[in-house]
Amino acid sequence: MLGLAFHGIHDPVRWDTASARPIPAARTATAGGAAGTVRFEAVSKTYRSASGTVQALDAIDLAIPAGTIFGIIGRSGAGKSSLLRTINRLEEPTSGRVIVDGEPIEALDADGLVALRRRIGMIFQHFNLLSAKTVRQNVALPLAVAGVPKAEIGPRVDEVLRLVGLEGKADVYPSRLSGGQKQRVGIARALVTRPAILLCDEATSALDPEATLAILGLLRDINRRLGITIVLITHEMSVIREICSDVVVLERGRIAETGPVWRVFGQPEHAATRALLEPLSRDLPEDLAARLRSDRTAGASLLLRITCAGEALDLAALTGAAGAPVRLIQAGIDRIQGRAVGRMIVAIAGAAPEVEERLRVLGGEIERIGYVAADD
Amino acid sequence: MSPQMIDRLWQAGLDTLVMVAASAGIAVLVGLPLALFLVTSGPRGIFPAPRTNRVIGTLVNGFRAVPFIVLLVALIPFTRLVTGTTIGVWAAIVPLAVSATPFFARIAEVSLREVDAGLIEAAQSIGCRRRHILAHVLLPEALPGIVAGFTITLVSMIGASAMAGAVGAGGLGDVAIRYGYQRFDTTVMTAVIAILIALVCLVQLAGDTAVRRLRAR
Ligand SMILES: Nc1ncnc2c1ncn2[C@@H]1O[C@H](COP(=O)(O)OP(=O)(O)O)[C@@H](O)[C@H]1O
Ligand SMILES: [Mg+2]
């Protein structure tokens, strides 16, 4: 589908055209680690401005393995962009270090930094394409400024435009393109230097749902076929669930939790994560939602949301443990990164306050939604 | 109008064109780098030099604050130093250029500042060095605004060149003062005004067309 035919001459990265997989030996450009790894060691960032200081990052320790699609989530202002931008040193940490492919990047001089940035692609929410250049010129720019011979630039640009599905648009200006097409140009420009890492800061936030899905599909393809590590920020939890293998949740510059998406989303441990996931599970039928109360009244039913990763929940055991009639309001299975996560909402009539405790022995995550009066 | 007068007008028109063209050339050659410096040398710019930035900025403002007619007189010693004379077309080019350069620099600066910081960031992220950012991002992206600003500069310089005529620089302003004003020759006055209007309209039209072409991308 992608019709890849990468064959580098001047580039340290070579591609095995048959399997479209990078050749590992050639990818290890630097000593001490596979290409495409990022490690943060006690990274802090403080912004100083006239209006005061802001600590955007507070002692972040995190490792991003090669070849993963790693999500960064957190509410607005949590420090996501600051963290991502330390990877290619668009932002310098105030303290701590960032290690890319085993090499600490804070010591790099101007030449070293330019070389690093050619190994790291980046795409942006608002695409940031040059309006005075055609699609072809935009995509060619990273190679042109790197001094790649003209004769080589043409074929490589064509190749990467084919990869993102924009063969026919090479000679138009970006203003003539749709949002999704602009982001494809952004991706092509980011990939033309054959980077080992791709950074995405809200790359689908300005796109409609259809274009979002298409771009996510493209990113996943790129990750699978080229083995590129993708680090992405999004405020859309569905994006994380769709393509990420791992996720870190930031809260006020610190890591709230991190791990494989199936675990973090299946059994969120931190309140920040639950708050972020709330829109995903806002699945209460409307009439019930309208009658929801937070306090218990006589004869009211207790509404619980039960989430269980992996094993299925035994309904008979549930009724037994509740010691009261259990009505099933809704149930379903989400697939998060290929793992089943069961999700159900039950109403327990006239439940004793300690029923939640008793249900916990069954395993799974139990969350009280509220109470609904018997019939009003 | 006598044939001599038509000749005189023709020559004066050419003189005006030479004055405006030469000083506009200088204004671009000096003003554009000045504008680039002002934009990129701020504390968050790509060539940070905040102190020099403030000095140059103040200097530019100083020149902008002096009215052209005052500059014309105040620069006489400098003009003599550069051109060896204080009258004629070449002597007028000096004060014209000195006044147009900071004017154009400020206008170009505004266009350069409007270039989205995200574009500079994107350029950095793909491994552009600072000179690449000047050549591939700042200048091309600001070009429509710079051309529009150059048009404004040209138009105001056509006006200023007529003023320079008043102090013996030659050109259309000189003819208008000497024949139209001092000898009450209404025909000459009308002819000068018509030529100036035509000149300004032509410049504006050419500038607008160029900007439209650039923006159509
Ligand atoms: N250049 C800057 N100057 C001052 N404060 C900044 C700057 N960039 C970000 N911040 C502040 O740092 C915090 C984290 O910002 P950011 O990393 O952009 O968060 P996020 O991407 O998660 O929304 C915010 O409080 C923001 O206001
Ligand atoms: Mg952000």
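Points worth noting:
- Calculated from backbone phi, Karplus (6.51, -1.76, 1.60) coupling profile of segment B:40-49 in Hz, x at Gly/Pro: 8, 9, x, x, 9, x, 7, 10, x, 7
- From phi via Karplus (6.51, -1.76, 1.60), per-residue ³J(HN,Hα) for segment B:124-131 in Hz, x at Gly/Pro: 4, 5, 9, x, 6, 7, 5, 5
- Separation of alpha-carbon centers, segment A:65-97 and segment B:191-217, rounded to whole Å: 50
- Test item: B:126-139 mean partner chain Cβ contacts at 10 Å: 5
- Euclidean distance of C-alpha centroids, segment A:201-280 and segment A:37-54, integer Å: 22
- Pairs of Lys residues in segment A:14-276 that lie 8 or more places apart, or on two chains, and have C-alpha atoms under 16 angstrom apart add up to 4.
- Estimated from helical segments only, the mean residue ellipticity of chain B at 222 nm is -25500 deg cm²/dmol, where each DSSP H run of four or more residues counts as -39500 (n - 2.57).
- A cut-off of 5 Å between modelled amide H atoms, ignoring neighbours fewer than 5 places along the same chain, links A:Ile369 with A:Leu303, A:Leu304, A:Arg305.
- Computed per residue of chain A from DSSP H runs no shorter than four, each worth -39500 (n - 2.57), the mean residue ellipticity at 222 nm is -8500 deg cm²/dmol.
- Each Lys or Arg adds one and each Asp or Glu takes one away; over the other residues whose Cβ falls under 13 Å from the Cβ of B:Ser41, this sums to +4.
- Mean accessible surface per residue for segment B:147-217, computed with a 1.4 Å probe while every protein chain stays in place, in Å²: 53
- Less than 5 angstrom separates the built amide H of A:Leu250 from those of A:Ile73, A:Gly74, A:Ala256, all sequence-distant by 5 or more or on a different chain.
- Accessible surface buried at the B:A interface totals approximately 1900 Å², computed with a 1.4 Å probe on protein heavy atoms.
- Accessible area in square angstrom per residue, segment A:286-372, 1.4 angstrom probe: 53
- Looking at the protein assembly as shown, the DSSP beta bridges with both ends there are about 75 percent antiparallel.
- Percentage relative contact order, segment A:14-276, counting C-alpha pairs under 8 Å, at least six apart: 25
- Solvent-accessible area, 1.4 Å probe, carbon plus sulfur percent, for chain A: 51
- Counting Cβ atoms of other protein chains within 10 Å of each Cβ in B:103-116 and taking the mean gives 0.
The values are calculated or read from the model by the stated rules, or taken from the named source; none is laboratory data. A quick note: this is a predicted structure, and the numbers were derived from the prediction, not measured. All Cβ positions, even for glycine, are placed from backbone atoms using ideal geometry, and neighbour counts span all protein chains on display. To get the accessible areas, we keep the full protein, side chains included, count just its heavy atoms, and leave off ligands, DNA and RNA. Shrake-Rupley method; radii C 1.70, N 1.55, O 1.52, S 1.80 Å.
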